[in-house]
Amino acid sequence: MDRQEEKAAERFTASGFILSAIGSSVGLGNMWKFPYITGKYGGAAFFLLFICCLIVVGLPVLLAEMTIGRGGRGSASKAFYHLSGSRFWSAFGLFSVLTAFLIMAYYAVVAGWTLHYMAESFTGLLFRGNPDFKQKFVSFASGYWPLLWQAVIMLACGAVIAKGVAGGIERFNKVLIPGFLIILVVLMVRSLTLRGAGEGVSFFLRPDFSRLNAESALVALGHAFFSLSLGMGCMLTYGSYVRKEQSLGRASMAIGAGDLLYAFIAGLVIFPTVFSFGLEPGEGVGLAFMALPAAFSQMPLGFLFGGLFFALLAIAAFTSAISILEVPVAYAMGQWGWSRRRASWIVSAVCFLVGVPAALSVGGPLASWSIGGKTYFDLFDFVTSYIMMPLGGLFVTLFAGYVWRGAGREAGLTGGWLFVWIWLLRLVVPILIVLVFLYTTGLIRV
């Protein structure tokens with residue numbers, strides 16, 4: 001392969017980039033978190049508030065990340081350095097790389113759970129014997145099986161990334177994202193045809209503007225930021241593989257719309273099922289791995305619909321995990337001159353080892369070990385999601401708004417659109433990100 005062919009292999013096509021970016025934003029948290037917070041904070045009223053927050057905060061930062069990536073043509077660290085010539089800003093790029101690496105270390109653990117439950121559901125093993133699904137999860141998590149499934153996730157992600165951008169990441173997403181949508185629609189239809197489904201739909205979509213307050217606004221802002229995989233270098237790294245002729249503004253809107261559609265349909269899967277079987281909608285992770293299996297066990301062909309549900313979660317986990325792992329892999333390639341194959345396997349192996357304590361701390365042998373009252377798993381989650389990601393997003397916003405003067409030109413914005421985007425990045429978005437950071441870390445209460 002000559003140099004030109006090599007460069008082409010490290011570029012997305014227009015559709016491949018959008019599908020891959022949507023795959024990155026479609027994560028596990030959306031499946032159980034977004035429907036619940038929507039129902040809790042005002043249904044359709046909160047959904048409208050979330051759309052506003054996505055437009056004001058999510059899309060401007062998303063566009064900024066992709067713009068820096070394409071303009072800098074390198075890993076998160078290299079891109080900042082190429083555009084600023086400053087080691088100071090390069091260090092902030094390295095901060096994003098570290099964030100992605102640490103997220104991947106524990107995210108692979110949860111992704112592994114989805115594979116285990118998918119296999120158990122399709123084979124019917126999940127629904128045999130003890131009907132206490134909470135105890136079944138505890139029994140599974142307290143052993144060493146999570147390590148095996150974590151290893152499978154890391155091996156699968158490493159294998160896809162080793163094949164390159166066009167031959168690996170893009171091809172993988174072009175197959176899985178359409179499949180993901182088909183499964184999502186099948187599950188939505190099944191959920192909406194359950195007895196009592198209307199009550200769940202009403203809880204999810206009935207507008208209750210009386211519930212909108214300062215807290216709901218901060219929750220909507222936080223979810224608009226986190227749901228697009230911002231602040232950890234994913235969209236920046238993907239942006240470095242985007243061709244110059246592609247419109248980043250249109251791509252941002254397409255990615256935002258895809259994320260919104262997924263979250264909306266997920267609500268129409270979760271809530272009709274939850275209300276039909278009298279479950280508690282606010283159980284978070286427990287909803288997927290403890291409560292919903294109880295519902296599937298009572299459905300006709302429950303093993304099939306349960307298997308499809310966990311297949312849906314597994315796809316969401318895979319597509320997000322690949323974008324997260326690509327961040328440190330791209331850094332290793334650019335910083336140390338490693339081949340893509342070598343970087344993929346070494347980074348995957350080290351990431352697996354770093355994640356072992358997280359895998360063994362969810363009811364496992366290391367469950368009693370804690371730092372600051374948090375298990376390893378909880379500590380990974382808290383530090384990365386509530387501290388490192390908001391700070392990473394803030395760095396991106398300030399860099400595109402104040403430091404790099406060519407951001408608007410690279411983004412393809414002119415006139416009024418450019419004026420609005422720049423001033424959102426300079427004034428509005430930083431203030432809102434800081435508020436989200438203070439709220440999620442418990443430094444302010446409303």
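The values are calculated or read from the model by the stated rules, or taken from the named source; none is laboratory data. Since this is a predicted model, take the numbers as computed values, not measurements. Here Cβ is always computed from backbone atoms with ideal geometry, including for glycine, and neighbour counts include all displayed protein chains. Ligands, DNA and RNA are stripped out before the accessible areas are found, and what is left, the full protein with its side chains, is counted by its heavy atoms. Shrake-Rupley method; radii C 1.70, N 1.55, O 1.52, S 1.80 Å.
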Legend entry - Positive dipole terminus of the chain, leading residue within Gly43, Val152, Thr273 (C-beta point charges): Val152
Inset, instruction - Would you please give the FRET efficiency between Val383 and Thr193, computed as 1/(1 + (r/R0)^6) with r the Cβ-Cβ distance and R0 = 30 Å, to the nearest 0.05? - result: 0.10
Inset, instruction - Quick one: pull the percent of accessible area on the range 184-267 belonging to carbon and sulfur, 1.4 Å probe, ligands and nucleic acids left out. - result: 63
Inset, instruction - Quantify, in whole percent, the carbon and sulfur part of the accessible surface of the range 21-98 (1.4 Å probe; protein heavy atoms only). - result: 70
Legend entry - Accessible area in square angstrom per residue, the chain, 1.4 angstrom probe: 39
Inset, instruction - Could I have the simple spin-label model distance between Glu10 and Trp423, label points 7 Å from Cα toward Cβ, reported in nm to one decimal? - result: 4.0
Inset, instruction - About the Cα centre of the chain, how large is the charge dipole given +1 on each Lys and Arg Cβ and -1 on each Asp and Glu Cβ? Please answer in debye to the nearest 20. - result: 720
Inset, instruction - Compare the Cα positions of Ser84, Phe17, Met333 along the charge dipole of the chain (+1 at Cβ of Lys, Arg; -1 at Cβ of Asp, Glu; about the Cα centre) and return the one farthest towards the positive end. - result: Ser84
Inset, instruction - If a/c stays under 1.5 just call it rounded; otherwise compare a/b with b/c (prolate if a/b is bigger, oblate if not). Do that for the range 326-446, with a ≥ b ≥ c from the square roots of the Cα gyration tensor eigenvalues. - result: oblate
Inset, instruction - Can you tell me the FRET efficiency between Arg341 and Phe88 if r is taken as the Cβ-Cβ distance and R0 is 35 Å, rounded to the nearest 0.05? - result: 0.60
Inset, instruction - Given the options Ile270, Ile346, Ile255, state which has the largest fluctuation in a GNM of the chain using a 10 Å cut-off (strictly under) for Cα springs. - result: Ile346
Legend entry - FRET efficiency, Tyr402 to Glu245 (Cβ-Cβ, R0 30 Å, nearest 0.05): 0.60
Legend entry - Debye, to nearest 20: dipole size of the range 1-149, +1 on Lys, Arg Cβ, -1 on Asp, Glu Cβ: 240
Legend entry - Within the chain, helix-based [θ] at 222 nm, where runs of 4 or more DSSP H residues each add -39,500 (n - 2.57), nearest 500: -22500 deg cm²/dmol
Inset, instruction - Could you please state how large a percent of the accessible area of the range 304-446 is carbon and sulfur, counting protein chains only and using a 1.4 Å probe? - result: 69
Inset, instruction - Treating each Cα of the range 189-278 as an identical point scatterer and ignoring solvent, apply the Debye formula and state log10 I(q)/I(0) at q = 0.11, 0.12 Å⁻¹. - result: -0.49, -0.57
Inset, instruction - Would you work out which of Thr237, Gly198, Leu218 lies farthest towards the positive end of the dipole of the range 174-247, given +1 charges on the beta-carbon of Lys and Arg and -1 on that of Asp and Glu, about the Cα centre? - result: Thr237
